[in-house]
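First up is the structure itself, then whatever we jot down about it.
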Amino acid sequence: MRLAVNIDHVATLREARGGIEPDPVHAAVLAELAGASGIVCHLREDRRHVNDRDVRVLREVVTTKLDLEMAANEEIILIALDVVPDLVTIVPEKREELTTEGGLAVAGFEERYTALTQRFHERGIAVSFFIEPESMQVEAVAACGADIIELHTGTYANARTAAEQLLQLQRLQSAARIASEAGLVVTAGHGLDLRNLAAMKSIPSLEEVSIGHALVGRAVLVGFERAVGEYLNVLR
Ligand code: PXP
């Protein structure tokens with residue numbers, strides 16, 4: 001299974017002082033050197049961590065795959081169409097949230113998201129939607145002509161008991177099955193760490209996990225390349 005590294009929180013640390021260090025671009029290079037298969041960043045409307053310069057420089061520097069996470073907001077859509085990342089991941093976004101709290105509601109908005117998918121496809125950009133592991137949402141993403149589906153693992157990661165964790169894992173397994181039968185590439189992410197990651201290997205057709213906060217937190221202590229290596233070891 002592949003590992004995509006989200007470098008948003010390297011930028012969060014930089015923004016704590018408003019200077020130029022640490023640079024998320026440096027983190028992206030180190031993550032790639034350590035074996036990451038892709039780099040993810042989220043350009044939020046409020047630019048609380050990653051900024052426009054980061055996205056443009058990352059586009060030049062990333063040699064694996066650049067995944068631009070974004071809300072379906074016209075200002076950000078135009079930036080994405082201009083920068084041309086390898087893929088965009090469409091997420092819900094609320095200004096008051098600390099992180100992306102839930103999956104996107106695609107069901108009921110198929111017309112809107114089909115049109116958006118077509119705009120990106122015209123520029124050669126692959127499209128992923130970040131959704132809750134629910135069959136209704138998976139089917140809606142497939143109906144929009146998306147290429148990839150990212151299953152939100154937050155509820156699984158937050159499960160307090162083994163029984164609840166198992167239940168959430170089963171939801172992810174079932175959603176992944178439906179998604180891969182519909183021809184979507186299946187990825188997952190949110191809240192994954194060195195303790196809860198191994199179970200992701202039991203999800204059929206799951207090709208990639210996207211990990212940010214826990215990995216960057218560990219990298220602060222042990223170094224970026226070592227932290228990425230530890231996550232890759234769990235996935236092997
Ligand atoms: N995938 C998506 C779509 C996300 O929004 C995030 C959080 O930015 C992640 C993965 C990574 O989550 P975490 O930072 O909890 O590892």
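Hey, got the dipole for the chain? About the Cα centre, +1 on K and R Cβ, -1 on D and E Cβ, debye to the nearest 20? Walk me through the numbers before you get to the answer.
Numbers: 23 positive and 35 negative charges, 132 e Å.
Computed charge dipole of the chain: roughly 640 debye.
What does the charge add up to near residue 26, with Lys and Arg as +1, Asp and Glu as -1, over the other residues with Cβ less than 12 Å from its Cβ?
After counting each charged neighbour, the total is -4.
How large is the dipole of the range 61-148 about the Cα centre if only Lys and Arg carry +1 and Asp and Glu carry -1, each at its Cβ, rounded to the nearest 20 debye?
With Lys and Arg at +1 and Asp and Glu at -1, about 220 debye.
Heads up, I need the accessible area for residue 213: 1.4 angstrom probe, whole protein in place, Å², nearest 10.
For residue 213, the solvent-accessible surface is approximately 140 Å².
Where does the Debye-calculated log10 I(q)/I(0) of the chain sit at q = 0.07, 0.13, 0.18 Å⁻¹, using only Cα point scatterers of equal weight, no solvent?
For the chain at q = 0.07, 0.13, 0.18 Å⁻¹, log10 I(q)/I(0) is -0.20, -0.73, -1.46.
So what is the accessible area of the chain per residue, in Å², with the probe set to 1.4 Å?
Averaged over the residues of the chain, the accessible area is 44 Å².
Of all accessible surface on the range 121-189 at a 1.4 Å probe, what whole percent is carbon and sulfur?
C and S fraction of accessible area: 49 percent.
Tally Lys and Arg at +1 and Asp and Glu at -1 over the other residues with C-beta under 15 Å from the C-beta of residue 196: what net charge comes out? Write out the running numbers ahead of the final one.
On the way: positive: 160, 171, 195, 201, 218; negative: 164, 193, 230.
After counting each charged neighbour, the total is +2.
The values are calculated or read from the model by the stated rules, or taken from the named source; none is laboratory data. Since this is a predicted model, take the numbers as computed values, not measurements. Ideal geometry is used to build each Cβ from the backbone, glycine not excepted, and the neighbour counts take in all protein chains shown. To get the accessible areas, we keep the full protein, side chains included, count just its heavy atoms, and leave off ligands, DNA and RNA. Shrake-Rupley method; radii C 1.70, N 1.55, O 1.52, S 1.80 Å.
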